[in-house]
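Only one structure is covered here, and it is reproduced in the block below.
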Amino acid sequence: MAQSVLLTGASGRVGQAVLGDLADAYEWRLLDRDPPTEDLPGEFVVADITDDEAVREAMDEIDVVVHLAGDPRPEAPWSSVLTNNIDGTRTVYQAAVETGVEKVVFASSNHAVGAYETDERTPDMYRPHDEFLLDGTELPRPTNLYGVSKAAGETLGRYYHDEHDLSVISVRIGNLTEGHPPIDYERGQAMWLSYRDCAHLFDRCIQADYGYEIVYGISDNDRKYYSLERAQEVLDYEPQDNSAEHD
Ligand SMILES: NC(=O)C1=CN([C@@H]2O[C@H](COP(=O)(O)OP(=O)(O)OC[C@H]3O[C@@H](n4cnc5c(N)ncnc54)[C@H](O)[C@@H]3O)[C@@H](O)[C@H]2O)C=CC1
Ligand SMILES: O=C1O[C@H](COP(=O)(O)O)[C@@H](O)[C@H](O)[C@H]1O
């Protein structure tokens with residue numbers, strides 16, 4: 001039988017990339033504070049991610065949660081990331097434990113580790129000849145309060161895995177752009193995530209077995225400075241796109 005999956009933040013860009021390829025792959029329940037503007041698969045719950053009761057109810061009979069809801073703006077103010085990203089993510093983990101969910105897939109971000117892009121390393125690290133690679137074992141080094149909130153989400157996942165045995169994967173998503181990589185933006189091309197690779201990656205996160213993991217969510221770009229090794233090992237992630245093919 002298909003697994004039942006709760007997708008939070010379903011009305012957003014990542015949600016659309018995931019549902020675009022995986023609409024028929026799972027029994028979906030979708031949650032967002034914004035009602036849908038188009039026909040989407042499964043039941044739609046309009047709720048705020050910080051509403052404990054609504055989130056618990058949305059997880060009834062759910063196997064896996066893909067948690068995307070949050071403020072995605074790198075320049076988002078503290079009040080917003082504190083509520084939507086940190087409190088919202090804690091609410092999701094707590095509800096997952098209380099309702100018997102097996103696995104949570106958390107949308108983290110490149111901005112949790114953006115400060116590794118030092119003046120000395122850039123712009124060389126965005127170019128194919130440069131061998132610098134982050135592999136997911138490094139400590140967070142956020143570039144902004146949004147990045148701090150994503151690092152906090154990763155740490156909440158670590159806690160809920162260690163204390164409550166929940167399977168958790170944090171995906172440090174790069175730059176999701178539809179159709180082609182960002183234009184005239186080397187950093188964005190280095191961390192491009194195509195729509196089809198995004199759907200495949202989240203599919204693998206739903207299916208694979210793991211305890212606690214951090215992986216990078218990018219396509220197989222020649223310019224990459226994020227290692228894909230862990231995602232390949234743990235998830236069998238096999239990206240098909242490469243920003244170099246769009247030069
Ligand atoms: N798009 C990208 O390239 C990247 C995205 N991410 C992360 O992926 C996730 C999804 O990002 P996008 O789809 O790009 O953003 P988006 O803004 O397109 O979608 C986010 C969705 O979450 C919903 N939402 C926000 N706060 C909520 C709350 N308190 N309760 C319920 N729903 C709420 C919004 O209504 C929206 O539909 C975010 O957590 C973001 O930080 C991380 C790195 C890169
Ligand atoms: O976390 C995110 O990162 C991407 C890429 O960052 P950028 O600073 O190169 O634009 C961003 O587009 C997305 O909105 C954000 O959620």
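The values are calculated or read from the model by the stated rules, or taken from the named source; none is laboratory data. As the structure is a prediction and not an experimental result, all values here were calculated from the model. Backbone-built Cβ (ideal geometry, glycine too); neighbour counts: all protein chains shown.
Among residues of the stretch 61-85 being part of a helix (DSSP H, G or I) and either at pLDDT below 95 or within 15 Å of ligand 2 (Cβ to nearest atom) (or both), the one that is farthest from the chain's Cα centre (by Cα) is Ser80. Scanning the stretch 1-12 for residues that are touching an Asp or Glu at 6+ places or on another chain (Cβ under 8 Å), modelled with pLDDT of 95 or more and at negative phi turns up Ser4, Val5, Thr8, Ala10, Ser11, Gly12. Among the residues that make up the stretch 177-194, is at least one of them crowded, with 17+ Cβ neighbours inside 10 Å and within 16 Å of Leu22 (Cα to Cα)? There is at least one residue in the stretch 177-194 that is crowded, with 17+ Cβ neighbours inside 10 Å and within 16 Å of Leu22 (Cα to Cα).
Screening the stretch 142-176 for residues that are under 16 Å from Thr91 (Cβ atoms) and among the hydrophobic types (A, V, I, L, M, F, W, C) and picking the one that is nearest to ligand 2 (Cβ to nearest atom) gives Ala152. If you filter the stretch 98-131 down to residues that are among the small types (Gly, Ala, Ser) and part of a strand (DSSP E or B), you find that the one that is farthest from Asp165 (Cα to Cα) is Ser109. Taking the numbered list (1) within 11 Å of ligand 2 (Cβ to nearest atom); (2) outside any strand (DSSP E or B); (3) among the basic types (Lys, Arg); (4) within 15 Å of the chain's Cα centre (by Cα) in turn, Arg196 passes all entries but (1). Counting only strands (runs of 3 or more DSSP E) that fall entirely inside the stretch 1-49 and contain at least 1 residues that are crowded, with 16+ Cβ neighbours inside 10 Å, within 19 Å of the chain's Cα centre (by Cα) and of a type in the set (S, T, N, Q), the qualifying elements are 4-8.
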